[in-house]
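We did not get these values from a lab; they are worked out from the coordinates using the rules stated. The structure displayed is predicted, hence computed values, not measured ones. Please note: Cβ atoms are built from the backbone with ideal geometry, for glycine as well, and neighbour counts cover all protein chains shown.
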Amino acid sequence: MQKLLLLGDEAIAQAALDAGMSGMYAYPGTPSTEIMEYVQASPGAASGNVRREWSSNEKTAMEAALGMSYAGKRAMVAMKHVGLNVAADAFINSAVTGVNGGLVVVAADDPSMHSSQNEQDSRFYGRFAMVPVLEPRNQQEAYDMIFDAFDLSEKYRLPVLIRITTRLAHSRAAVQRREARAQNSSSLPADPRQFVLLPAIARKQYRALTGLYEKLRTDPVLSGYNRLTKGSNTKAGIITCGIAYNYLLENLRLHNDGHPVLSLAAYPVNSDLVAELVGSCDRVLVLEEGYPLIEEQLRGLLDRDVKVAGRLDGTVPRDGELNPSIVASSLGMQGSAGKEVPAIVRQRPPSFCKGCGHADVFAALAEVMKGFGPGRVFSDIGCYTLGALPPYNMVNSCVDMGASVTMAVGAADAGLFPAVAFIGDSTFTHSGMTGLLDAVIKDSPITVIISDNSTTGMTGGQQSQATGRIESICLGLGVNPDHLRVIVPLRKNNEENMAVMAEELNHHGLSVILAMRECIQTASRNKKAAAAEKNQAE
Amino acid sequence: MKCDIILAGVGGQGILSIAATIGLAAVEEGLFLKQSEVHGMSQRGGDVQSHLRISDREIHSDLIPHGGADLIISVEPMEALRYLPWLSPEGWVVTNSVPYINIPDYPDNAELMAALEDTGNTVVLDADSIARELGSPRSGNMVILGAASSFIPMPFEILEHAVQQLFSRKGKEIVDLNIQALVAGREAAATR
Ligand SMILES: Cc1ncc(C[n+]2csc(CCOP(=O)(O)OP(=O)(O)O)c2C)c(N)n1
């Protein structure tokens, strides 16, 4: 079979297609976005009629995938780690309902927060929901695990969580493909009440789930991914999770002290394997890309039975991603070091593109807000969060998608006037609409600025769910048409736009200002695509 | 054989096409390859880097350890310096001399050139002018790759072939311009 050079994300996408997936559901989010992008661009997905449209948010994606599984087909959902918070209600309950067709959930974590608000570790969600978790060590294993994940899901009738982190998601390596297999034909669940979580049914299913979770520990496929390599140097044993193993091998290649190593990539872990390692060593070093999940379990509440080194005692930094150099020093190795960065090297933070419409909205808003004082602009997650940086310094919050609207509502309730919410179009349809309904019902004295660039810009310009429909959505939710203003954020309209903003900021009720101008990156990409098409036609 | 390379630049400057070229060449040579890229937030005018590792043995880590890189290839002079902690004492820096100034406190050019000089094994060239003279102002990244090519343990023809593959979709004219840029970069580095 063919070898391909694939990102970890792409390996997962290709594997799901080869493993007979019928539908993929996702909302973009770094570092998970390329999974869906690969499926969308795949000729195989098109010929196999694989469903592959973006969803409005991670919860709707998770639910649609669960529905496809209900109908007997294999489905995959992908999201960044914080997306799993949004999907959590559906995710946790899907373990209680169980599945019909194989259901695989991919969560891409971002330790060190390269492009995220936190570095939460999705393995905890797996344990919380009591589902199998697979954490591939490399691109090939990511590909292979997806086949097993669908099989495990159909064997145990449980969703399976795949946990990856930024470095695997965004690193390319050669991947050997397997023979593709057919999609499932549709079928109804064998138990027609399985998905009806009325308390009487839910109690029964939850009890079954707790039993099943213990059984998973000895599943041969899961245990097969957790490998113990014996060693004669029993002064210290090493436990690695996921890609931490690679950083260990990188160092052992240079200097192998013969430590026994337990490399984990599947959860829940069979405690016999851990007992074998711990029992034979004086102390154990735990290397985890993420939170100290295994380390905490090893220590237990009393932390006195096993001598453990890891993130909790400072052997490994408490936060941030691992790398070969950190692992070297946790092993007590003198890592080689290069020169220091010369003092003249300056920070180069990301910035608005030249000609970005968001920048023009901020320019107008900055002027108008001078009359009202600082600390009044709640914002959200997207390119426009860059309004927090100079020269605007305008943004006072960025918490979770949609929070700008509802935080403004709460602050207004506390007497802050005017309170402004600044949100993008994709974020608005992800989680801003429901908050806006709250504001409509109480006629909150806030001004919501929806900076609509007709795309999901921050993550690379994916289709935005409600392009062209935001105004009618606002009206449909009940926004007063007199206080729904549409502006075009261009420098030449600055005076006019400032006047609109000043009027609405002074209004003691809900106002929505819809600032509409296409993202210049998306616009130029569309223009190029159109030109290429025209070229081809000629 | 192993060659660990850090590619550096500013979002939008095209370091990923340098990475893709070396990647294609490595595959053609039957080498192992791992290439870690930055996506997302940092694409927008911020600093970007990619760790590219090629070897005739299996590669474990996607990231290069500190002090382990054989080569820093940079399309921007200040960005070349940002990754010195990764460079091995015997490693080389090949960089464009043309600054990309999108921050108010960008360092003084003379200081910048002195710092580059200080690092020892450095090749600094004006890739933008070379590309412009060829009539292909957007091929500066291929000029830089050409200048770095003598430090990459692969036959030059393999790199040329990779450039051909990478740009073939864009037509023969673009392919030829990029190959000319690659060759010009190699010659400029050799005649310094
Ligand atoms: C729950 C969650 N899902 C996904 C993301 C990733 N994400 C950050 S910004 C963004 C896109 C925002 O698009 P939009 O609101 O239209 O603003 P733009 O970037 O286009 O200005 C996404 C998908 C996230 N941070 N949180």
Study note, to complete from the structure: Measuring from the longest principal axis of the C-alpha atoms of chain A, the long axis of helix A:433-442 (C-alpha) lies at a number of degrees, nearest 10, equal to 50 degrees
Check your understanding: Hey, if you put +1 on the Cβ of every Lys and Arg and -1 on every Asp and Glu Cβ in the protein assembly as shown, which of A:Cys353, A:Ala266, B:Ala127 ends up farthest toward the positive end of that dipole?
Key -> A:Ala266
Revision key, fill the gap. If one builds a Gaussian network model of chain B from Cα atoms under 10 Å apart, the most fluctuating residue listed among B:Gly171, B:Gly120, B:Gly68 is B:Gly171
Check your understanding: With each run of n ≥ 4 DSSP H residues scored as -39500 (n - 2.57), what mean residue ellipticity at 222 nm is computed for chain A after dividing by its residue count and rounding to the nearest 500 deg cm²/dmol?
Key -> -12000 deg cm²/dmol
Review point. So, in Å, what gap is there between the alpha-carbon centers of region A:159-176 and region A:399-431?
Key: 34 Å
Point to revise | About the Cα centre, charge dipole magnitude for region A:227-330 (Lys/Arg +1, Asp/Glu -1 at Cβ), debye | key: 260 debye
**Study point:** Cβ charges +1 (Lys, Arg) and -1 (Asp, Glu), total dipole of region A:357-523, debye
**Key:** 200 debye
Review point. For peptide A:348-355, how many partner chain Cβ atoms fall within 10 Å of a residue's Cβ, on average?
Key: 6
Check your understanding: If Lys and Arg each add +1 and Asp and Glu each add -1, what is the summed charge of the other residues whose beta carbon sits under 12 Å from the beta carbon of A:Gln521?
Key -> +4
**Study point:** Partner chain coverage, peptide A:321-328 - average Cβ within 10 angstrom
**Key:** 4
Exercise for review: For A:Tyr291, list long-range residues whose amide hydrogen, built 1.01 Å from N in the peptide plane, is under 5 Å from its own amide hydrogen.
Suggested key: A:Asp121
Point to revise | C-alpha center-to-center spacing [region A:75-146, region A:194-255] in angstrom | key: 14 Å
Practice item. Mind ranking A:510-518, A:446-454 by how tightly packed they are, going by the mean number of other C-beta atoms within 10 angstrom, highest first? Key: A:446-454, A:510-518
Check your understanding: Excluding A:Ser454 itself, what net charge comes from residues whose Cβ is under 10 Å from its Cβ, given Lys and Arg +1 and Asp and Glu -1?
Key -> -2
Practice item. Counting only C-alpha contacts under 8 Å and six or more residues apart, can you give the relative contact order of region A:64-198 as a whole percent? Key: 33 percent
Practice item. Determine the relative contact order of chain B: mean sequence separation of Cα pairs under 8 Å and six or more apart, normalised by residue count, in whole percent. Key: 21 percent
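How much length is gained on full extension from A:Asn118 to A:Leu254, taking 0.36 nm per residue of separation minus their Cα-Cα distance?
Result: 45.6 nm gained on full extension.
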Review point. So how strong a dipole does chain A carry about its Cα centre when Lys and Arg Cβ are +1 and Asp and Glu Cβ are -1, to the nearest 20 debye?
Key: 860 debye
Review point. Over what distance in Å are the Cα centres of region B:1-59 and region A:340-355 separated?
Key: 21 Å
**Study point:** Selection from A:Gly478, A:Ala466, A:Cys519 lying farthest towards where the dipole of region A:449-537 points positive, charges on Cβ
**Key:** A:Cys519
Practice item. If a/c stays under 1.5 just call it rounded; otherwise compare a/b with b/c (prolate if a/b is bigger, oblate if not). Do that for region A:357-523, with a ≥ b ≥ c from the square roots of the Cα gyration tensor eigenvalues. Key: rounded
Exercise for review: With springs only between Cα atoms under 10 Å apart, run a GNM on chain B and tell me which of B:Ser136, B:Ser150, B:Ser61 wobbles the most.
Suggested key: B:Ser61
Check your understanding: How much net charge surrounds B:Ile158 when only other residues with a Cβ under 11 Å from its Cβ are counted (Lys, Arg +1; Asp, Glu -1)?
Key -> -4
Point to revise | Which of A:Leu158, A:Ala182, A:Gln140, positive extreme of dipole for region A:113-215 (C-beta unit charges) | key: A:Leu158
Practice item. When a/c is below 1.5 the answer is rounded, else prolate if a/b is larger than b/c, else oblate, so apply that to region B:113-192 with a ≥ b ≥ c taken from the square roots of the Cα gyration tensor eigenvalues. Key: oblate
Practice item. Could you tell me whether region A:414-500 comes out rounded, prolate or oblate from its Cα gyration tensor? Rule is a ≥ b ≥ c as square roots of the eigenvalues, rounded for a/c under 1.5, then prolate if a/b exceeds b/c, otherwise oblate. Key: oblate
